[in-house]
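Novice: The structure that follows is given in the form of structure tokens.
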Amino acid sequence: GNIRKPITGAGLREVLANVPHTTKAVRESDLNNAINTDRLFLTFQPKVDMNTKAVTSAEALVRWQEPDRGLIFPDEFITLAEQSGLIEPMTYQVLDLAVKEAASWKDKGFDIAVAVNLSAASLIDLDFPMKVAQTLEKYGLPANQLILEVTETSAMIDAQKTLDILTRLRIKGISVSIDDFGTGYSSLVELHRMPFSELKIDRSFVMDAHKDKDSRIIINAILGLAKALGLKVVAEGVETQEHWDFLKDAGCDIAQGYLMGKPMVSADFTAWVQDWKSKL
Ligand code: C2E
Ligand code: MG
Ligand code: MG
Ligand code: MG
């Protein structure tokens with residue numbers, strides 16, 4: 001077959017080191033400090049079932065708060081975290097915070113899963129599934145309340161090892177989502193082998209879908225593929241009623257975007273959920 005040769009160890013570090021990064025303003029020592037002093041926190045963005053309007057889950061999106069610099073967004077530090085190795089402690093911190101919050105939602109009577117973004121480093125770490133299970137146990141969150149989002153590109157760095165890790169997670173009952181679909185490069189053969197339960201259509205296609213024929217064709221093709229593979233489909237970046245209407249007609253299952261809600265700190269998120277429910 002045409003399965004790409006896996007990149008591991010030093011090769012992987014080289015791949016990650018060559019990812020261009022735009023900002024030099026964020027330093028490794030600052031990020032290390034931030035991780036150790038709780039300056040990273042999470043915001044949560046709702047994912048809504050397009051048929052029932054129920055809030056099915058919330059994506060945890062990390063933020064970095066520096067007293068003198070204000071809020072720093074992940075696009076400014078994830079690459080640095082990946083290049084420096086800080087991504088590992090950061091991912092565990094994010095996972096811990098996300099699972100803790102989801103357990104608190106469960107205590108409030110909400111049936112809402114939490115989605116956590118992973119980087120390539122977790123997808124070659126054979127201890128990762130066990131550590132995730134330990135975190136779920138720590139907070140008493142059922143495995144089916146956790147979704148892990150991975151991009152095509154990071155899943156293909158060492159497809160064999162990643163398949164092993166994702167399978168172990170799925171066996172435990174954790175869901176796995178393929179993020180930013182359509183922007184990476186994965187062969188359909190490899191995609192089909194991976195135990196994904198959900199596919200997220202990248203925002204770039206959603207943005208122009210209602211006015212651009214090519215984006216529509218791509219979205220319809222992705223939906224056809226996802227249905228054939230038995231995957232739930234989430235559309236990212238749903239900003240307008242036009243986006244919603246087009247996607248609903250096309251058969252999309254779940255929507256995420258500013259039309260419903262922006263990423264919010266947990267207290268705001270639970271208030272948002274109450275408000276959303278009261279309007280149904
Ligand atoms: P992503 O996983 O694709 O997350 C969705 C991004 O789209 C988020 O940006 C979100 O705020 C933004 N977004 C959501 N709805 C809309 C919309 O309607 N319109 C527009 N224009 N944007 C929307 P954010 O929070 O800046 O995160 C950017 C990326 O950083 C994420 O993309 C994800 O790849 C990464 N990231 C965020 N948190 C983490 C984390 O804890 N760990 C890792 N490894 N990566 C993370
Ligand atoms: Mg994501
Ligand atoms: Mg995404
Ligand atoms: Mg995206």
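Novice: Can you give me the pair-distance distribution of segment 97-229, C-alpha pairs, 10 Å bins, whole percents?
Specialist: Using 10 Å bins, I get a P(r) of 12, 39, 31, 16, 2 for segment 97-229.
Novice: Follow-up question, since we're still on this one. Expected output is a single nm value to one decimal: the length gained when fully extending between LEU225 and LYS161, i.e. 0.36 nm times separation in residues minus the C-alpha distance. What is it?
Specialist: Gain on stretching LEU225 to LYS161: 20.6 nm.
Novice: How compact is the chain by the rule of thumb for globular proteins, expressed as Cα Rg over 2.2 N^0.38 Å?
Specialist: So the chain has a normalised radius of gyration of 0.98.
Novice: Of LYS138, LYS200, which has the most accessible area and how do the rest follow, probe 1.4 Å?
Specialist: The ranking, largest first, comes out as LYS138, LYS200.
Novice: Under 5 Å between amide hydrogens, which residues at least 5 positions from LYS47 or on another chain qualify, with H placed 1.01 Å from N in the peptide plane?
Specialist: Distant-sequence amide H within range of LYS47: THR56, SER57, ALA58, GLU59.
Novice: Just grab the label-to-label distance for ASN33 and ASP75, each label 7 Å out from Cα along the Cβ direction, in nm (one decimal).
Specialist: About 2.6 nm, to one decimal.
Novice: Report the full-extension gain for the segment ASP249 to ALA267: residue separation times 0.36 nm, less the Cα-Cα distance, to one decimal in nm.
Specialist: 3.2 nm
Novice: Remind me, relative contact order of segment 55-117 in percent, using alpha carbon pairs under 8 angstrom and six or more residues apart?
Specialist: Reported as a whole number, the value is 47 percent.
Novice: So what are the three principal axis dimensions of segment 234-280 from its Cα atoms, in whole Å, longest to shortest?
Specialist: Its Cα atoms span 33, 20, 16 Å along the three principal axes.
Novice: Right, something else. Are there any helices in the chain, counted as whole DSSP H runs, that stretch 20 Å or more along their axis by Cα and score at least -1.0 on average by Kyte-Doolittle, and if so which?
Specialist: Helices meeting the span and hydropathy rule in the chain are 87-107, 213-228.
Novice: Each residue of segment 65-80 in turn: what ³J(HN,Hα) in whole Hz from Karplus with 6.51, -1.76, 1.60 and θ = phi - 60°, glycine and Pro shown as x?
Specialist: Rounded to whole hertz, the list is 10, 10, x, 8, 10, x, 7, 10, 8, x, 4, 8, 9, 5, 4, 4.
Novice: Roughly what would the spin-label model give for ALA143 and ALA54, points 7 Å off Cα along C-beta, in nm?
Specialist: 2.2
Novice: Strictly over 26 Å apart at the Cα level, which of LYS106/LYS279; LYS47/LYS108; LYS131/LYS248; LYS227/LYS277 would you flag in this model?
Specialist: Going by Cα-Cα distance, LYS131/LYS248; LYS227/LYS277 fall outside the 26 Å limit.
Novice: Then there is this: Of all DSSP beta bridges in the chain, what percent run antiparallel (nearest 5)?
Specialist: Antiparallel: roughly 40 percent of the beta bridges in the chain.
Novice: Averaging over all projection directions, find the projected area of the Cα convex hull of segment 35-169 and quote it in nm² with one decimal place.
Specialist: Approximately 9.3 nm², given one-decimal rounding.
Novice: Oh, and also: According to a simple spin-label model (label point 7 Å from Cα along Cα-to-Cβ), what is the distance in nm between LYS100 and GLN65?
Specialist: 1.4
Novice: Shifting gears a bit: What does segment 194-255 give for Rg and for Dmax, in Å, if only its C-alpha atoms count?
Specialist: Using the Cα atoms of segment 194-255, the pair Rg, Dmax is 10.8, 34 Å.
Novice: Please work out the Kirkwood hydrodynamic radius for segment 106-181, using every pair of different C-alpha atoms, and report it in angstroms with one decimal place.
Specialist: Hydrodynamic radius (Kirkwood, Cα pairs) of segment 106-181 is 12.8 Å.
Novice: Within the accessible area of segment 138-280, what % is carbon and sulfur when the probe is 1.4 Å and the other protein chains stay in place?
Specialist: Summing carbon and sulfur atoms, their accessible area is 53 percent of the total for segment 138-280.
Novice: For segment 48-78 and segment 181-235, what is the separation of their C-alpha centers, rounded to whole Å?
Specialist: Here the two parts' Cα centres lie 22 Å apart.
The values are calculated or read from the model by the stated rules, or taken from the named source; none is laboratory data. Predicted model, so just to flag it, every value in this text is computed and none were measured. A quick note on method: Cβ atoms are made from the backbone with ideal geometry, for glycine too, and the neighbour counts reach across all protein chains shown. These area figures cover heavy atoms from the full protein model, side chains too; ligands, DNA and RNA do not enter into them. Shrake-Rupley method; radii C 1.70, N 1.55, O 1.52, S 1.80 Å.
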